[in-house]
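The values are calculated or read from the model by the stated rules, or taken from the named source; none is laboratory data. A quick note: this is a predicted structure, and the numbers were derived from the prediction, not measured. Methodologically, a virtual Cβ is constructed for each residue, glycine included, from the backbone with ideal geometry; neighbour enumeration extends over all protein chains shown.
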C-alpha cells in the first residue's frame, strides 16, 4: 500500500532526502516475543526517527515512524531484511504526511 508521493521528488537537489513523511508498516511473521520491537526501536533511533512499534493480534507488529523519507525507507528496508529477530514473512507499508504527534520511539 502506498500513499503521499510514490515517485521521486522533482524539486531542488537533495529535497527527496529531507522530505518529512510518516511510514506505517505492518510486519507479519514470527515477530512477537523475540525482541523485534526492541530491535526496531534501536534501528529507528539510529536513523533519527520518532514513532512506535506496537504488538497487534495475529502475530503482527505495527511500526509507525516519522522523519526524513530516506531514513524511513532505510528502516523499511531493515524491517524486510534477514537480519531481524524472529522471522518476517511480509511487510505491508503505507506512506502518509507526518502528524508531528510523536517524540522519541517507544515500544508498546
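Summed over the stretch 87-103, residues that are within 25 Å of residue 33 (Cα to Cα) and at pLDDT 95 or above total 8.
There is no residue in the stretch 45-58 that is out of contact with any strand residue (DSSP E or B) (no Cβ under 8 Å at 6 or more places or on another chain), at pLDDT 95 or above and crowded, with 19+ Cβ neighbours inside 10 Å.
Restricting attention to the stretch 19-44, and to residues there that are under 16 Å from residue 96 (Cα atoms) and surrounded by 14 or more Cβ atoms within 10 Å (Cβ to Cβ), which single residue is modelled with the lowest pLDDT? Here the answer is 19.
If you go through the stretch 44-100 and keep only what is outside any helix (DSSP H, G or I), under 13 Å from the mean Cα position of the chain (by Cα) and free of Cβ contacts under 8 Å to residues at least 12 places away in the same chain, you end up with 80, 81.
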